[in-house]
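First comes the structure, then the notes that go with it.
The values are calculated or read from the model by the stated rules, or taken from the named source; none is laboratory data. All values derive from a computational prediction rather than experimental measurement. Quick reminder, even Gly has a Cβ in these numbers, built from the backbone with ideal geometry, and neighbours come from all protein chains shown. The accessibility values were calculated without ligands, DNA or RNA, using every heavy atom of the protein model including side chains. Shrake-Rupley method; radii C 1.70, N 1.55, O 1.52, S 1.80 Å.
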Amino acid sequence: MSTISTADFSKGMFIVFKNEPHQIVEFQHVNPGKGSAFVRTRLKALKTGKVQEFTYKAGDSVEELPIETHEMQYLYPDGDSFMFMDNFTYDQVGVPENFIGDFTKYLKASDTYQVLLHEGEAVGIRFPKKVRLKVTEADEGSRGNTVSGATKTVVVETGAKVTVPLFIKEGETIAVDPETGSYVERAQ
Amino acid sequence: MKTWQKLKNNPALWSRYLLRERVIKKIRSFFDERGFHEVETPMLIRHPPAESYLDVFETVLLDRHRNPTKAYLSTSPEVALKKLMVAGMGNCYSLTKSFRNTEAGDRLHNPEFTILEWYRVGATYTDIMKECEDLILHLLNTISFDHDKAKPCRQGLALNSQTLSYRDNYINLAPPWERISVKEAFQKYARVDLEEFSTIQNARRIAVSMGYSVANENAWEELYNQIFLNEVEPHLGINRPTILYDFPVAVAALAKKKESDPRFAERFELYIGGLELGDCYTELTDWKEQKTRFDKEMKEIQRLGKTSYYYDHDFIEALRVGLPECSGIAVGVDRLIMLLTDSVNVADVLLFPIEELL
(Lines give C-alpha, C1' and ligand atoms only; values in the text may rest on other atoms or scores of the structure.)
Protein backbone atom coordinates (compact mmCIF):
# COMPACT_ATOMS: atom_id res chain seq x y z
CA MET A 1 0.00 0.00 0.00
CA SER A 2 1.25 3.46 -0.69
CA THR A 3 0.49 6.75 1.00
CA ILE A 4 -0.80 9.51 -1.23
CA SER A 5 -2.15 13.00 -0.67
CA THR A 6 -5.53 14.42 -1.65
CA ALA A 7 -3.68 16.21 -4.46
CA ASP A 8 -3.19 12.80 -6.13
CA PHE A 9 -6.90 11.93 -6.14
CA SER A 10 -8.44 10.83 -9.39
CA LYS A 11 -11.85 9.51 -10.27
CA GLY A 12 -12.01 5.72 -9.98
CA MET A 13 -9.02 5.49 -7.64
CA PHE A 14 -9.15 2.96 -4.79
CA ILE A 15 -8.33 4.08 -1.25
CA VAL A 16 -8.72 3.05 2.37
CA PHE A 17 -11.42 5.00 4.20
CA LYS A 18 -12.22 4.17 7.84
CA ASN A 19 -10.18 0.94 7.47
CA GLU A 20 -12.32 -0.28 4.57
CA PRO A 21 -11.51 -0.33 0.84
CA HIS A 22 -13.37 2.35 -1.12
CA GLN A 23 -13.44 3.73 -4.62
CA ILE A 24 -13.47 7.48 -5.33
CA VAL A 25 -16.62 7.96 -7.40
CA GLU A 26 -16.37 11.73 -7.55
CA PHE A 27 -14.32 14.47 -5.96
CA GLN A 28 -14.22 18.24 -6.01
CA HIS A 29 -12.21 20.95 -4.34
CA VAL A 30 -14.08 23.19 -1.95
CA ASN A 31 -12.92 26.37 -0.40
CA PRO A 32 -15.10 27.49 2.47
CA GLY A 33 -13.01 30.59 3.08
CA LYS A 34 -9.97 31.82 4.92
CA GLY A 35 -7.27 30.12 2.95
CA SER A 36 -7.73 26.49 3.73
CA ALA A 37 -8.95 24.14 1.06
CA PHE A 38 -10.87 20.89 1.24
CA VAL A 39 -11.59 18.00 -1.09
CA ARG A 40 -15.14 16.70 -1.08
CA THR A 41 -15.42 13.10 -2.21
CA ARG A 42 -18.09 10.52 -2.87
CA LEU A 43 -16.73 7.13 -1.83
CA LYS A 44 -18.12 3.73 -2.67
CA ALA A 45 -17.45 0.92 -0.20
CA LEU A 46 -16.14 -2.10 -2.09
CA LYS A 47 -17.74 -4.60 0.27
CA THR A 48 -21.24 -3.17 0.40
CA GLY A 49 -21.46 -0.87 -2.62
CA LYS A 50 -22.74 1.85 -0.28
CA VAL A 51 -21.82 5.38 -1.37
CA GLN A 52 -21.11 8.13 1.13
CA GLU A 53 -19.64 11.60 1.13
CA PHE A 54 -16.52 12.61 3.00
CA THR A 55 -14.62 15.87 2.98
CA TYR A 56 -10.85 15.72 3.39
CA LYS A 57 -8.58 18.58 4.33
CA ALA A 58 -6.44 19.37 1.30
CA GLY A 59 -3.13 17.63 1.94
CA ASP A 60 -4.52 14.87 4.17
CA SER A 61 -2.65 11.57 3.77
CA VAL A 62 -4.60 8.64 2.42
CA GLU A 63 -3.64 5.02 1.75
CA GLU A 64 -4.05 3.99 -1.85
CA LEU A 65 -5.04 0.36 -2.45
CA PRO A 66 -2.86 -1.73 -4.75
CA ILE A 67 -4.96 -2.62 -7.76
CA GLU A 68 -4.04 -5.05 -10.52
CA THR A 69 -5.42 -4.74 -14.02
CA HIS A 70 -6.08 -7.99 -15.89
CA GLU A 71 -7.22 -8.38 -19.49
CA MET A 72 -10.36 -10.48 -19.38
CA GLN A 73 -13.02 -11.69 -21.72
CA TYR A 74 -16.63 -11.04 -20.80
CA LEU A 75 -18.64 -14.27 -20.67
CA TYR A 76 -22.20 -13.91 -19.37
CA PRO A 77 -24.34 -12.34 -16.64
CA ASP A 78 -24.74 -14.48 -13.54
CA GLY A 79 -27.30 -13.19 -11.04
CA ASP A 80 -26.06 -9.85 -9.71
CA SER A 81 -22.60 -10.42 -11.17
CA PHE A 82 -21.00 -10.48 -14.57
CA MET A 83 -18.58 -13.30 -15.32
CA PHE A 84 -15.20 -12.65 -16.91
CA MET A 85 -12.35 -14.98 -17.83
CA ASP A 86 -8.69 -14.06 -17.50
CA ASN A 87 -7.07 -14.17 -20.95
CA PHE A 88 -3.83 -15.58 -19.54
CA THR A 89 -4.71 -17.75 -16.54
CA TYR A 90 -8.25 -18.69 -17.73
CA ASP A 91 -9.44 -18.00 -14.16
CA GLN A 92 -13.03 -16.87 -13.99
CA VAL A 93 -14.19 -14.02 -11.77
CA GLY A 94 -17.54 -12.40 -11.15
CA VAL A 95 -17.72 -8.61 -11.11
CA PRO A 96 -20.66 -7.38 -9.00
CA GLU A 97 -23.14 -5.29 -10.95
CA ASN A 98 -22.75 -2.23 -8.72
CA PHE A 99 -19.09 -1.95 -9.75
CA ILE A 100 -20.04 -1.79 -13.40
CA GLY A 101 -23.08 0.45 -13.12
CA ASP A 102 -24.56 1.71 -16.37
CA PHE A 103 -21.75 0.15 -18.36
CA THR A 104 -23.55 -3.21 -18.16
CA LYS A 105 -25.68 -1.93 -21.05
CA TYR A 106 -22.63 -1.96 -23.31
CA LEU A 107 -20.95 -5.26 -22.31
CA LYS A 108 -20.42 -7.50 -25.30
CA ALA A 109 -19.84 -11.24 -24.83
CA SER A 110 -16.32 -12.39 -25.82
CA ASP A 111 -14.96 -8.83 -25.96
CA THR A 112 -11.90 -8.13 -23.85
CA TYR A 113 -12.06 -5.62 -20.98
CA GLN A 114 -9.61 -4.46 -18.33
CA VAL A 115 -10.83 -5.88 -15.04
CA LEU A 116 -9.55 -4.33 -11.80
CA LEU A 117 -8.59 -6.71 -9.01
CA HIS A 118 -7.84 -6.07 -5.36
CA GLU A 119 -6.39 -9.10 -3.51
CA GLY A 120 -7.83 -11.37 -6.16
CA GLU A 121 -11.34 -9.92 -5.92
CA ALA A 122 -12.81 -8.07 -8.88
CA VAL A 123 -13.63 -4.50 -7.89
CA GLY A 124 -14.55 -2.99 -11.22
CA ILE A 125 -13.61 -2.60 -14.83
CA ARG A 126 -11.83 0.22 -16.56
CA PHE A 127 -14.28 1.75 -18.97
CA PRO A 128 -13.01 2.47 -22.45
CA LYS A 129 -13.55 6.06 -23.69
CA LYS A 130 -15.59 4.74 -26.59
CA VAL A 131 -17.37 1.48 -27.29
CA ARG A 132 -18.11 0.24 -30.81
CA LEU A 133 -21.62 -1.11 -31.17
CA LYS A 134 -23.55 -2.44 -34.13
CA VAL A 135 -26.96 -0.92 -34.76
CA THR A 136 -29.50 -3.74 -34.79
CA GLU A 137 -32.74 -1.77 -35.03
CA ALA A 138 -33.17 1.54 -36.76
CA ASP A 139 -36.35 2.97 -38.18
CA GLU A 140 -35.32 3.84 -41.74
CA GLY A 141 -38.50 5.62 -42.75
CA SER A 142 -38.59 7.84 -39.70
CA ARG A 143 -38.18 11.54 -40.19
CA GLY A 144 -36.92 11.59 -36.65
CA ASN A 145 -37.92 13.85 -33.87
CA THR A 146 -37.80 17.13 -35.72
CA VAL A 147 -38.74 19.12 -32.62
CA SER A 148 -35.54 18.11 -30.92
CA GLY A 149 -33.37 18.31 -34.02
CA ALA A 150 -32.38 15.73 -36.58
CA THR A 151 -32.02 12.73 -34.29
CA LYS A 152 -33.66 9.36 -33.76
CA THR A 153 -33.31 6.51 -31.29
CA VAL A 154 -31.79 3.21 -32.38
CA VAL A 155 -31.17 -0.09 -30.62
CA VAL A 156 -27.64 -1.51 -30.59
CA GLU A 157 -26.45 -5.12 -30.38
CA THR A 158 -26.34 -5.12 -26.56
CA GLY A 159 -29.94 -3.95 -26.38
CA ALA A 160 -29.08 -0.42 -25.25
CA LYS A 161 -30.88 2.54 -26.85
CA VAL A 162 -28.81 5.37 -28.29
CA THR A 163 -29.85 8.71 -29.76
CA VAL A 164 -28.11 9.16 -33.11
CA PRO A 165 -28.24 11.45 -36.16
CA LEU A 166 -30.84 10.53 -38.83
CA PHE A 167 -28.27 9.21 -41.32
CA ILE A 168 -27.31 6.19 -39.18
CA LYS A 169 -28.69 2.96 -40.67
CA GLU A 170 -29.33 -0.54 -39.39
CA GLY A 171 -26.20 -2.69 -39.64
CA GLU A 172 -23.79 0.19 -39.22
CA THR A 173 -21.36 0.37 -36.33
CA ILE A 174 -21.31 3.44 -34.12
CA ALA A 175 -19.05 4.66 -31.34
CA VAL A 176 -20.73 5.54 -28.04
CA ASP A 177 -19.28 7.29 -24.99
CA PRO A 178 -20.18 4.82 -22.19
CA GLU A 179 -19.93 7.47 -19.50
CA THR A 180 -22.70 9.64 -20.95
CA GLY A 181 -24.37 7.10 -23.22
CA SER A 182 -24.18 9.55 -26.08
CA TYR A 183 -23.34 8.94 -29.73
CA VAL A 184 -19.79 9.98 -30.68
CA GLU A 185 -19.28 9.05 -34.33
CA ARG A 186 -19.87 6.51 -37.05
CA ALA A 187 -17.24 3.79 -36.58
CA GLN A 188 -15.56 1.93 -39.42
CA MET B 1 -22.10 20.19 -27.54
CA LYS B 2 -22.18 23.88 -26.79
CA THR B 3 -25.21 25.27 -25.04
CA TRP B 4 -26.41 27.10 -28.17
CA GLN B 5 -26.35 23.80 -30.04
CA LYS B 6 -28.27 22.04 -27.29
CA LEU B 7 -30.88 24.79 -27.46
CA LYS B 8 -31.10 24.52 -31.22
CA ASN B 9 -31.58 20.75 -30.94
CA ASN B 10 -33.99 20.86 -28.06
CA PRO B 11 -36.05 24.07 -27.82
CA ALA B 12 -37.77 22.74 -24.71
CA LEU B 13 -34.60 23.72 -22.84
CA TRP B 14 -35.26 27.42 -23.39
CA SER B 15 -37.64 27.72 -20.46
CA ARG B 16 -34.85 26.80 -18.04
CA TYR B 17 -32.53 29.46 -19.41
CA LEU B 18 -35.20 32.13 -19.83
CA LEU B 19 -36.17 32.00 -16.17
CA ARG B 20 -33.05 34.09 -15.52
CA GLU B 21 -34.42 37.22 -17.14
CA ARG B 22 -37.57 37.01 -15.05
CA VAL B 23 -35.56 36.55 -11.84
CA ILE B 24 -33.34 39.53 -12.68
CA LYS B 25 -36.36 41.76 -13.40
CA LYS B 26 -38.09 40.77 -10.19
CA ILE B 27 -34.97 41.33 -8.09
CA ARG B 28 -34.83 44.86 -9.49
CA SER B 29 -38.52 45.51 -8.85
CA PHE B 30 -38.13 44.26 -5.26
CA PHE B 31 -35.37 46.73 -4.43
CA ASP B 32 -37.04 49.49 -6.44
CA GLU B 33 -40.16 49.23 -4.32
CA ARG B 34 -38.00 49.45 -1.20
CA GLY B 35 -36.29 52.63 -2.36
CA PHE B 36 -32.80 51.18 -2.93
CA HIS B 37 -30.39 52.73 -5.41
CA GLU B 38 -29.01 50.37 -8.00
CA VAL B 39 -25.29 50.96 -8.52
CA GLU B 40 -23.08 49.92 -11.40
CA THR B 41 -19.90 48.92 -9.63
CA PRO B 42 -16.67 48.43 -11.59
CA MET B 43 -15.56 44.99 -12.71
CA LEU B 44 -12.08 46.25 -13.61
CA ILE B 45 -10.21 47.53 -10.57
CA ARG B 46 -6.71 48.59 -9.52
CA HIS B 47 -6.78 47.38 -5.94
CA PRO B 48 -8.82 44.41 -4.74
CA PRO B 49 -9.68 44.04 -1.05
CA ALA B 50 -7.31 41.63 0.72
CA GLU B 51 -9.00 38.23 0.75
CA SER B 52 -6.63 35.31 1.07
CA TYR B 53 -9.31 32.69 0.42
CA LEU B 54 -9.92 34.00 -3.11
CA ASP B 55 -7.80 33.93 -6.23
CA VAL B 56 -8.00 37.06 -8.35
CA PHE B 57 -7.81 37.44 -12.12
CA GLU B 58 -4.89 39.67 -13.01
CA THR B 59 -4.75 41.74 -16.17
CA VAL B 60 -2.77 44.68 -17.54
CA LEU B 61 -4.06 48.17 -18.05
CA LEU B 62 -2.19 50.23 -20.67
CA ASP B 63 -2.22 54.01 -20.81
CA ARG B 64 -1.99 55.94 -24.11
CA HIS B 65 1.76 55.40 -24.18
CA ARG B 66 1.24 51.72 -23.52
CA ASN B 67 2.76 51.99 -20.06
CA PRO B 68 1.52 48.97 -18.15
CA THR B 69 -0.22 48.94 -14.78
CA LYS B 70 -1.52 45.83 -13.11
CA ALA B 71 -5.29 45.64 -12.87
CA TYR B 72 -7.69 43.01 -11.58
CA LEU B 73 -11.22 41.76 -12.08
CA SER B 74 -13.46 42.49 -9.14
CA THR B 75 -14.22 39.56 -6.79
CA SER B 76 -17.34 41.29 -5.42
CA PRO B 77 -18.95 44.75 -5.44
CA GLU B 78 -18.51 45.07 -1.66
CA VAL B 79 -15.86 47.78 -1.32
CA ALA B 80 -17.36 49.92 -4.08
CA LEU B 81 -20.77 49.86 -2.42
CA LYS B 82 -19.32 50.61 1.01
CA LYS B 83 -17.42 53.64 -0.33
CA LEU B 84 -20.70 54.97 -1.74
CA MET B 85 -22.37 54.47 1.61
CA VAL B 86 -19.60 56.48 3.24
CA ALA B 87 -20.35 59.16 0.63
CA GLY B 88 -23.98 59.16 1.74
CA MET B 89 -25.79 57.14 -0.90
CA GLY B 90 -27.99 55.26 1.56
CA ASN B 91 -29.50 51.85 0.87
CA CYS B 92 -28.05 50.44 -2.33
CA TYR B 93 -27.44 47.27 -4.27
CA SER B 94 -25.46 45.96 -7.19
CA LEU B 95 -26.45 43.14 -9.51
CA THR B 96 -23.30 42.43 -11.44
CA LYS B 97 -20.68 39.98 -12.64
CA SER B 98 -17.81 39.09 -10.31
CA PHE B 99 -14.77 36.94 -10.95
CA ARG B 100 -12.97 34.39 -8.81
CA ASN B 101 -10.12 32.43 -10.29
CA THR B 102 -9.43 28.70 -9.75
CA GLU B 103 -13.13 28.07 -9.19
CA ALA B 104 -13.87 26.18 -12.38
CA GLY B 105 -14.79 22.54 -12.59
CA ASP B 106 -17.41 21.76 -10.02
CA ARG B 107 -21.16 21.87 -10.04
CA LEU B 108 -21.53 24.94 -7.86
CA HIS B 109 -18.96 27.39 -9.22
CA ASN B 110 -18.30 29.33 -12.38
CA PRO B 111 -15.28 31.69 -12.24
CA GLU B 112 -17.41 34.44 -13.79
CA PHE B 113 -20.67 34.62 -11.89
CA THR B 114 -23.61 36.88 -11.16
CA ILE B 115 -23.76 38.34 -7.69
CA LEU B 116 -26.43 40.37 -5.94
CA GLU B 117 -25.11 42.42 -3.07
CA TRP B 118 -27.20 44.82 -1.03
CA TYR B 119 -26.59 47.04 1.99
CA ARG B 120 -29.09 48.58 4.34
CA VAL B 121 -28.10 51.54 6.47
CA GLY B 122 -28.80 51.28 10.20
CA ALA B 123 -29.57 47.58 9.85
CA THR B 124 -28.12 44.54 11.57
CA TYR B 125 -27.98 40.99 10.31
CA THR B 126 -31.40 40.18 11.76
CA ASP B 127 -32.97 42.80 9.46
CA ILE B 128 -31.22 41.22 6.47
CA MET B 129 -32.48 37.74 7.48
CA LYS B 130 -36.01 39.10 7.20
CA GLU B 131 -35.22 40.86 3.93
CA CYS B 132 -33.93 37.55 2.46
CA GLU B 133 -37.23 35.90 3.29
CA ASP B 134 -39.10 38.78 1.69
CA LEU B 135 -36.97 38.69 -1.47
CA ILE B 136 -37.28 34.95 -2.10
CA LEU B 137 -41.04 35.01 -1.48
CA HIS B 138 -41.36 38.04 -3.76
CA LEU B 139 -39.66 36.05 -6.51
CA LEU B 140 -41.87 33.01 -5.97
CA ASN B 141 -45.05 35.06 -5.87
CA THR B 142 -44.37 37.26 -8.86
CA ILE B 143 -42.60 34.97 -11.31
CA SER B 144 -45.08 32.97 -13.31
CA PHE B 145 -43.70 29.47 -13.53
CA ASP B 146 -44.95 28.18 -16.82
CA HIS B 147 -45.87 24.60 -15.94
CA ASP B 148 -46.82 23.17 -19.33
CA LYS B 149 -44.05 24.66 -21.41
CA ALA B 150 -41.57 23.78 -18.74
CA LYS B 151 -42.44 20.13 -18.33
CA PRO B 152 -39.79 18.60 -20.60
CA CYS B 153 -36.99 19.86 -18.41
CA ARG B 154 -38.57 19.09 -15.06
CA GLN B 155 -39.26 22.69 -14.37
CA GLY B 156 -42.04 24.75 -13.03
CA LEU B 157 -41.26 23.73 -9.56
CA ALA B 158 -42.98 26.43 -7.68
CA LEU B 159 -45.77 24.12 -6.64
CA ASN B 160 -47.49 27.02 -4.97
CA SER B 161 -46.38 30.40 -3.71
CA GLN B 162 -44.57 28.90 -0.70
CA THR B 163 -43.33 25.50 -1.82
CA LEU B 164 -40.49 24.57 -4.15
CA SER B 165 -39.32 21.21 -5.30
CA TYR B 166 -35.58 20.84 -5.60
CA ARG B 167 -33.69 17.61 -6.24
CA ASP B 168 -36.65 15.43 -5.27
CA ASN B 169 -37.23 17.31 -2.04
CA TYR B 170 -40.02 19.67 -1.18
CA ILE B 171 -38.88 22.87 0.42
CA ASN B 172 -41.36 24.80 2.48
CA LEU B 173 -40.49 28.47 2.17
CA ALA B 174 -43.14 29.82 4.54
CA PRO B 175 -41.50 32.33 6.87
CA PRO B 176 -40.06 32.50 9.43
CA TRP B 177 -37.28 30.24 8.19
CA GLU B 178 -35.25 28.04 10.48
CA ARG B 179 -32.69 30.08 12.38
CA ILE B 180 -29.97 28.07 14.08
CA SER B 181 -26.71 29.33 15.53
CA VAL B 182 -23.43 27.69 14.55
CA LYS B 183 -23.05 26.59 18.17
CA GLU B 184 -26.49 24.95 18.21
CA ALA B 185 -25.87 23.32 14.82
CA PHE B 186 -22.56 21.80 15.96
CA GLN B 187 -24.26 20.44 19.08
CA LYS B 188 -27.25 19.10 17.18
CA TYR B 189 -25.58 17.52 14.17
CA ALA B 190 -21.97 16.82 15.20
CA ARG B 191 -22.45 16.57 18.99
CA VAL B 192 -19.57 18.97 19.41
CA ASP B 193 -19.55 21.64 22.10
CA LEU B 194 -18.12 24.59 20.23
CA GLU B 195 -17.04 26.35 23.42
CA GLU B 196 -14.97 23.36 24.39
CA PHE B 197 -13.73 23.08 20.79
CA SER B 198 -12.57 26.71 20.81
CA THR B 199 -8.91 26.05 21.71
CA ILE B 200 -6.55 24.35 19.28
CA GLN B 201 -5.62 21.66 21.84
CA ASN B 202 -9.24 20.72 22.47
CA ALA B 203 -10.10 20.95 18.77
CA ARG B 204 -7.31 18.47 17.96
CA ARG B 205 -8.39 16.07 20.67
CA ILE B 206 -12.07 16.21 19.65
CA ALA B 207 -11.32 15.85 15.93
CA VAL B 208 -9.12 12.81 16.59
CA SER B 209 -11.79 11.25 18.81
CA MET B 210 -14.27 11.68 15.94
CA GLY B 211 -11.95 9.76 13.61
CA TYR B 212 -10.41 12.64 11.66
CA SER B 213 -6.75 12.64 10.83
CA VAL B 214 -5.02 15.59 12.43
CA ALA B 215 -1.53 16.80 11.49
CA ASN B 216 0.60 19.23 13.45
CA GLU B 217 0.29 21.92 10.82
CA ASN B 218 -3.52 21.81 10.75
CA ALA B 219 -4.94 25.13 11.88
CA TRP B 220 -7.97 25.40 14.18
CA GLU B 221 -10.02 26.74 11.34
CA GLU B 222 -9.28 23.65 9.20
CA LEU B 223 -10.47 21.31 11.95
CA TYR B 224 -13.58 23.44 12.43
CA ASN B 225 -14.36 23.49 8.72
CA GLN B 226 -13.80 19.78 8.25
CA ILE B 227 -16.38 18.96 10.92
CA PHE B 228 -18.69 21.62 9.56
CA LEU B 229 -18.47 20.28 5.99
CA ASN B 230 -18.81 16.62 6.96
CA GLU B 231 -21.32 16.69 9.75
CA VAL B 232 -23.20 19.99 9.81
CA GLU B 233 -23.61 21.41 6.31
CA PRO B 234 -25.34 18.33 4.81
CA HIS B 235 -28.30 18.97 7.15
CA LEU B 236 -28.85 22.60 6.30
CA GLY B 237 -31.79 23.93 4.30
CA ILE B 238 -33.10 20.57 3.15
CA ASN B 239 -36.87 20.81 3.70
CA ARG B 240 -36.98 24.45 4.69
CA PRO B 241 -34.44 27.23 4.36
CA THR B 242 -31.86 27.50 7.12
CA ILE B 243 -30.26 30.68 8.37
CA LEU B 244 -27.05 29.64 10.10
CA TYR B 245 -25.90 32.51 12.30
CA ASP B 246 -23.29 33.68 14.83
CA PHE B 247 -19.98 32.31 13.59
CA PRO B 248 -16.82 31.92 15.67
CA VAL B 249 -14.78 35.09 15.24
CA ALA B 250 -11.96 33.10 13.64
CA VAL B 251 -14.16 32.38 10.63
CA ALA B 252 -15.98 35.72 10.47
CA ALA B 253 -13.24 38.28 10.60
CA LEU B 254 -15.04 40.95 8.61
CA ALA B 255 -18.15 40.85 10.74
CA LYS B 256 -18.87 42.82 13.87
CA LYS B 257 -18.37 40.91 17.11
CA LYS B 258 -21.45 40.22 19.20
CA GLU B 259 -21.69 42.54 22.17
CA SER B 260 -23.17 39.79 24.32
CA ASP B 261 -20.41 37.28 23.47
CA PRO B 262 -17.35 38.58 21.65
CA ARG B 263 -16.15 35.06 20.81
CA PHE B 264 -18.83 35.06 18.11
CA ALA B 265 -19.50 37.49 15.27
CA GLU B 266 -22.70 38.67 13.61
CA ARG B 267 -22.56 36.73 10.40
CA PHE B 268 -25.09 34.43 8.79
CA GLU B 269 -25.23 32.11 5.84
CA LEU B 270 -28.40 31.19 4.00
CA TYR B 271 -28.96 27.60 2.85
CA ILE B 272 -31.87 26.48 0.71
CA GLY B 273 -32.07 22.98 -0.73
CA GLY B 274 -28.50 22.31 0.40
CA LEU B 275 -27.24 25.28 -1.63
CA GLU B 276 -25.34 28.02 0.15
CA LEU B 277 -27.04 31.05 -1.33
CA GLY B 278 -25.82 34.01 0.68
CA ASP B 279 -23.37 35.33 3.24
CA CYS B 280 -24.28 38.28 5.46
CA TYR B 281 -22.43 40.39 8.02
CA THR B 282 -23.27 43.13 10.37
CA GLU B 283 -20.45 45.09 8.81
CA LEU B 284 -17.22 45.89 10.52
CA THR B 285 -16.96 49.70 10.62
CA ASP B 286 -13.70 50.01 12.55
CA TRP B 287 -11.02 51.06 10.04
CA LYS B 288 -8.10 50.10 12.28
CA GLU B 289 -9.39 46.59 12.73
CA GLN B 290 -10.07 46.35 9.00
CA LYS B 291 -6.52 47.45 8.19
CA THR B 292 -5.00 44.96 10.63
CA ARG B 293 -7.14 42.28 9.07
CA PHE B 294 -6.12 43.21 5.51
CA ASP B 295 -2.42 43.25 6.43
CA LYS B 296 -2.79 39.78 7.89
CA GLU B 297 -4.66 38.59 4.79
CA MET B 298 -1.90 39.88 2.48
CA LYS B 299 0.71 37.90 4.45
CA GLU B 300 -1.49 34.85 4.05
CA ILE B 301 -1.82 35.47 0.27
CA GLN B 302 1.97 35.56 0.00
CA ARG B 303 2.38 32.47 2.17
CA LEU B 304 -0.06 30.59 -0.05
CA GLY B 305 1.79 31.73 -3.17
CA LYS B 306 -1.34 33.25 -4.69
CA THR B 307 -1.48 36.20 -7.09
CA SER B 308 -0.45 39.13 -4.91
CA TYR B 309 -1.49 42.78 -5.23
CA TYR B 310 -1.61 46.11 -3.39
CA TYR B 311 -4.88 46.05 -1.51
CA ASP B 312 -7.40 48.84 -1.58
CA HIS B 313 -6.10 51.53 0.81
CA ASP B 314 -8.75 53.90 -0.48
CA PHE B 315 -11.27 51.60 1.17
CA ILE B 316 -9.46 51.90 4.50
CA GLU B 317 -9.53 55.68 4.01
CA ALA B 318 -13.29 55.54 3.39
CA LEU B 319 -13.79 53.53 6.59
CA ARG B 320 -11.69 56.09 8.46
CA VAL B 321 -14.04 58.83 7.24
CA GLY B 322 -16.87 56.72 8.55
CA LEU B 323 -19.05 53.89 7.28
CA PRO B 324 -22.54 54.20 8.73
CA GLU B 325 -23.73 51.25 10.79
CA CYS B 326 -25.10 48.87 8.20
CA SER B 327 -25.55 45.27 7.22
CA GLY B 328 -25.32 43.65 3.84
CA ILE B 329 -25.39 40.35 2.04
CA ALA B 330 -23.99 38.82 -1.11
CA VAL B 331 -26.28 36.35 -2.88
CA GLY B 332 -25.19 34.00 -5.65
CA VAL B 333 -27.76 34.66 -8.38
CA ASP B 334 -26.74 31.67 -10.51
CA ARG B 335 -27.37 29.36 -7.56
CA LEU B 336 -30.69 31.06 -6.91
CA ILE B 337 -31.63 30.25 -10.52
CA MET B 338 -30.42 26.66 -10.03
CA LEU B 339 -32.83 26.40 -7.12
CA LEU B 340 -35.75 27.86 -9.07
CA THR B 341 -35.15 25.63 -12.10
CA ASP B 342 -34.32 22.43 -10.18
CA SER B 343 -30.85 22.34 -11.72
CA VAL B 344 -28.04 20.34 -10.12
CA ASN B 345 -25.26 21.95 -12.08
CA VAL B 346 -24.53 25.67 -12.36
CA ALA B 347 -23.54 25.08 -16.00
CA ASP B 348 -27.17 24.17 -16.68
CA VAL B 349 -28.33 27.71 -15.97
CA LEU B 350 -25.57 29.54 -17.85
CA LEU B 351 -25.83 30.11 -21.59
CA PHE B 352 -22.05 30.20 -21.85
CA PRO B 353 -20.67 28.09 -18.98
CA ILE B 354 -16.95 27.91 -18.27
CA GLU B 355 -16.77 24.29 -19.47
CA GLU B 356 -17.12 25.59 -22.99
CA LEU B 357 -13.86 27.49 -22.58
CA LEU B 358 -11.80 24.69 -21.12
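Below are the figures for this structure:
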{"item": "Candidate residues B:Leu19, B:Leu95: accessible-area rank, largest first, probe 1.4 Å", "result": "B:Leu95, B:Leu19"}
{"item": "Near-label residues of segment B:238-268 by backbone N, under 16 Å of a point 7 Å along Cα→Cβ of B:Ala219", "result": "B:248-255"}
{"item": "Residues in segment B:176-202 reached by a label modelled at B:His235 [backbone nitrogen below 20 Å; 7 Å Cα→Cβ]", "result": "B:177-198"}
{"item": "DSSP loop trypsin sites (Lys or Arg not before Pro) with at most 13 other Cβ within 10 Å excluded, longest remaining stretch of chain A", "result": "A:51-128"}
{"item": "Approximate spin-label separation B:Met43-B:Glu355, in nm, with each point projected 7 Å along Cα-to-Cβ", "result": "2.2 nm"}
{"item": "All aspartates and glutamates inside 15 Å of B:Lys291 as judged from Cα atoms, apart from same-chain residues fewer than 8 positions distant", "result": "B:Glu51, B:Glu283, B:Glu300, B:Asp312, B:Asp314, B:Glu317"}
{"item": "Which listed pairs, of B:Lys25/B:Lys70; B:Lys25/B:Lys306; B:Lys258/B:Lys296, have C-alpha distances above 27 Å, in listed order", "result": "B:Lys25/B:Lys70; B:Lys25/B:Lys306"}
{"item": "Gaussian network model of chain B, springs between alpha carbon atoms under 10 Å - residue of B:Phe294, B:Phe197, B:Phe99 with greatest fluctuation", "result": "B:Phe197"}
{"item": "Filtered trypsin sites (Lys or Arg not before Pro), segment B:36-86: DSSP coil and at most 12 other beta carbons within 10 Å", "result": "B:Arg64, B:Arg66"}
{"item": "Between segment B:5-39 and segment B:237-296, the Cα center-to-center distance that results, in Å", "result": "29 Å"}
{"item": "Segment B:Asn141-B:Asp261, extension gain: residue separation times 0.36 nm, minus the distance between their alpha carbons", "result": "39.4 nm"}
{"item": "Cα-based reach from A:Lys105 at 27 Å (exclusive), listing lysines while leaving out same-chain residues under 8 positions away", "result": "A:Lys11, A:Lys44, A:Lys47, A:Lys50, A:Lys129, A:Lys130, A:Lys134, A:Lys152, A:Lys161, A:Lys169, B:Lys2, B:Lys6"}
{"item": "Among B:Ala12, B:Ala219, B:Ala87, residue whose mean-square fluctuation peaks in a GNM of chain B (springs only between Cα atoms under 10 Å)", "result": "B:Ala219"}
{"item": "A:Ser10 accessible area, assembled protein chains, probe 1.4 Å, Å²", "result": "50 Å²"}
{"item": "Cut-off 12 Å, label 7 Å out along Cα→Cβ of B:Val321, residues of segment B:79-110 by amide N", "result": "B:82-89"}
{"item": "Computed accessible area, A:Tyr90, all protein chains, 1.4 angstrom probe, square angstrom", "result": "150 Å²"}
{"item": "Partners for A:Lys57 among aspartates and glutamates (Cα-Cα distance below 15 Å; same-chain residues under 8 apart left out)", "result": "A:Asp8, B:Glu217, B:Glu221, B:Glu222, B:Glu231"}
{"item": "Axial C-alpha extent at least 20 Å, average Kyte-Doolittle at least -0.5 - helices from chain B (DSSP)", "result": "B:125-142"}
{"item": "Structure-based [θ]222 nm, the protein assembly as shown - -39500 (n - 2.57) summed over DSSP H runs of at least 4, per residue, nearest 500", "result": "-6500 deg cm²/dmol"}
{"item": "B:Glu58-B:Lys288 FRET efficiency (beta carbon distance; Förster radius 45 Å; 0.05 resolution)", "result": "0.95"}
{"item": "Extension gain (nm, one decimal) between B:Gln162 and B:Val121, 0.36 nm per residue minus Cα-Cα", "result": "11.9 nm"}
{"item": "Loop-resident sites, segment B:300-346, for chymotrypsin sites (Phe, Trp or Tyr not before Pro), counting at most 13 other Cβ within 10 Å (DSSP)", "result": "B:Tyr310"}
{"item": "Calculated FRET efficiency for the pair B:Glu184/A:Thr112, C-beta based, R₀ 45 Å, to 0.05", "result": "0.20"}
